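Since the structure comes first, as structure tokens, the remarks are kept for the end.
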Amino acid sequence: MNIAVVGTGYVGLVAGTCFAEMGNRVICCDANQEKIDALNKGIIPIYEPGLADLVKRNAEEKRLFFTTDLKRAVQESQIIFIAVGTPSKNGGDVDMSFVHGVARDIGRFLNDEKVVVDKSTVPVGTAHRVRDIIAKETKHKFHVVSNPEFMKEGAAIEDFMKPDRVVIGVDDDNAAETMKELYAPFVRTGNPVIVMDTRSAEMTKYAANAMLAARVTFMNEIANLCERLGADVDSVRVGIGSDRRIGPSFLFPGIGYGGSCFPKDVQGVLQMARDAKYDAKITRAVHDVNEAQKFILFSKVLAHFGKGKTSLQLVSQNAKASKKDKLEARPTLEGRRFAIWGLAFKPRTDDMREAPSLSIIRRLLEHGARVAAFDPEAMPNAKQAFGDALHCGHTPYDVLEDADALLVLTEWNEFRNPDFDRIKKLLKAPVIFDGRNLYSPARMKQEGFVYHSIGRPTVRK
Ligand code: NAD
């Protein structure tokens, strides 16, 4: 089949490459000229395991093309995927301007009967809106399909090649058949292609992400409670995960979910609820608890190092009422230096969108500390966010020298079995704040560390 994928980000590039890998002819189109130039030179603008080789092979075999020319992409294709970003606007509403803009352009360039597929995560009702936008621009026949994407960054190729399920929202039988034919090679082991109406397909994506976000957040709440009650969340996790009704995945507590999907999709559900005049209390609580969770590790750092040392700071009680500004004594981390392992919102990606590390580093810097960080893939993105305020090292051990403590923020495998003697020698004092529960408290005690983790008793010397 001839396919166009509009938007060559994490989803569009992976989807387009995997469709090409199955023998289709795919044109990936993006508005970002630099990105397309890089791809045409064989440079992959994101880190995703296995992607570079697959792009190279399919481009060399002339099944995968990159262009900024949307007209050509539309006119040479039978199926056109919209995979542009749908970020949150200030206030949480979904920014649909990219999807609507692309829909308008597709309408303008249609030259034949085509299937237009919403691959981006979009609020319920978008397929109808996209249909209206395209219809205003063209007399040609077309069908709009909703085909939400469930891939996980870090395992995106595997997820796309062997999806648990493919969800297809359609209002037309022929379009359903075309989509089933396209996806047939991906579900040869019998995983289902689930066909439904477009509104339900759109809702399925939000419900899946909000459910997973709620599960993680609930575990974080249980972890916080474990700490206060002297229980160990690791034991509790194993204890509940072996119940078949619950299952073991997505039960690991930490420093809050991040990334480009959970935070914005939880906000998306809240927007849809607001529009429908429904009070989505659970979803709102998920968002609020997660925001607080991002600062749990920072509070532990402040409780450990900030005691007794304060600085007078101007505290604005209300941005509009400057009269209410006042000087307040606040704990400070002035003169302290912290080493950070892990910046990406999760391992095996360079994505730092909404990563908890951003909130934690910002707080540390605001409180006068200096920060040095190492991440196997995300340091260029972190440099964009913090510039010279963040020092980055070439190895995990580079950043430890003379630091007051190590903070572990992403569970990269290479941080799981470090050389603890070397860490102890390099740090000023043996103190670790582990936001991902990578190490066993018993081992930390044996190694002589002060060890703070999430939902487990603190190890003190
Ligand atoms: P991204 O920001 O990585 O990529 C979006 C791309 O769209 C960018 O390259 C941008 O330049 C391009 N773009 C914007 N406007 C354009 C236009 N008018 N014409 C052509 N290209 C344009 O986003 P992403 O992470 O790939 O996400 C895309 C969508 O998929 C979002 O709705 C997201 O919620 C959803 N999704 C993402 C993931 C994920 O893991 N990242 C998983 C499932 C679903």
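The values are calculated or read from the model by the stated rules, or taken from the named source; none is laboratory data. Fair warning: this is a prediction, and the values are worked out from it, not measured in the lab. In this analysis, Cβ positions are derived from the backbone assuming ideal geometry, glycine residues included, and neighbour counts consider all displayed protein chains. Areas reflect the complete protein model, heavy atoms only, side chains present, ligands, DNA and RNA absent. Shrake-Rupley method; radii C 1.70, N 1.55, O 1.52, S 1.80 Å.
What is the Cα convex hull volume of region 206-292 when expressed per residue in Å³?
On the way: hull volume 8.6 nm³, N = 87.
Dividing the Cα hull volume of region 206-292 by its residue count gives 98 Å³.
When you filter the GluC sites (Glu not before Pro) in region 1-100 for DSSP loop state and at most 11 other Cβ atoms inside 10 Å of their Cβ, you are left with GLU61. The DSSP beta bridges internal to region 2-196 are antiparallel in roughly 5% of cases.
Between ILE240 and ARG72, the C-beta separation translates, for a Förster distance of 60 Å, into a calculated FRET efficiency of about 0.65.
Would you work out if region 111-220 is rounded, prolate or oblate? Take a ≥ b ≥ c from the square roots of the eigenvalues of the alpha-carbon gyration tensor; rounded if a/c is under 1.5, else prolate when a/b is larger than b/c, oblate otherwise. Before the final figure, lay out each step's value.
Details: a/c = 2.41, a/b = 1.47, b/c = 1.64.
Since a/c reaches 1.5 but b/c is at least a/b, the shape of region 111-220 is classed as oblate.
Along its principal axes, the chain has C-alpha extents of 73, 51, 47 angstrom, given from the largest down. Whole-percent P(r), region 34-80, all Cα pairs, 10 Å bins from 0: 25, 49, 26, 0.
What is the chain's relative contact order, in percent, from Cα pairs under 8 angstrom and six or more apart in sequence?
Working: 899 pairs, mean separation 51.4, N = 461.
Rounded, it is 11 percent for the chain.
In this view, the solvent-accessible surface of THR283, computed with a 1.4 Å probe and all protein chains in place, comes to about 20 Å².
Where does region 334-452 land on the Kirkwood hydrodynamic radius, alpha-carbon pairs, in angstrom?
Answer for region 334-452: a Kirkwood hydrodynamic radius of 14.1 Å.
By the combined test of axial Cα extent (at least 27 Å) and Kyte-Doolittle hydropathy (mean at least -1.0), the qualifying DSSP H helices of the chain come to 198-229.
Is there a pair in LYS56/LYS205; LYS152/LYS346; LYS71/LYS114; LYS152/LYS205 whose C-alpha atoms are over 19 Å apart, and which pairs would that be?
Result: LYS56/LYS205 exceed 19 Å.
So, for the chain, what is the accessible surface per residue at a probe of 1.4 Å, expressed in square angstrom?
Numbers: 21600 Å² over 461 residues.
In whole numbers, the chain has 47 Å² accessible per residue.
Taking all protein chains as present, what is the carbon and sulfur share of the accessible area of region 334-452, in % to the nearest whole number, probe 1.4 Å? Don't skip to the answer; put the middle values down first.
Details: 2150 of 4960 Å².
Carbon plus sulfur share of accessible area: 43 percent.
Close amide H pairs (under 5 Å, H built 1.01 Å from N) link ILE80 with ALA4, VAL115, VAL116, VAL117, residues at least 5 positions away or on another chain.
For region 246-280 versus region 18-85, the spacing of their alpha-carbon centroids is 30 Å. The Cα center of region 412-461 and the Cα center of region 150-198 differ in position by 43 Å.
Give the residue list of trypsin sites (Lys or Arg not before Pro) in region 57-93 that are DSSP loop and have at most 14 other beta-carbon atoms within 10 angstrom. Mind dumping the intermediate values first?
On the way: sites: ARG57, LYS62, ARG63, LYS71, ARG72, LYS89; in loops: LYS62, ARG63, LYS89.
Here the sparse-neighbourhood loop sites are LYS62, LYS89.
Take PHE98: with every protein chain present and a 1.4 Å probe, its accessible area is about 100 Å². Relative protection proxy for 78-85, 365-372, from highest mean packing down: 78-85, 365-372 (other beta-carbon atoms within 10 angstrom). Could you pull out the trypsin sites (Lys or Arg not before Pro) across region 162-258 that fall in loop regions by DSSP (anything but H, G, I, E, B) with no more than 10 other Cβ atoms inside 10 Å? Answer by residue number: ARG188, ARG244, ARG245.
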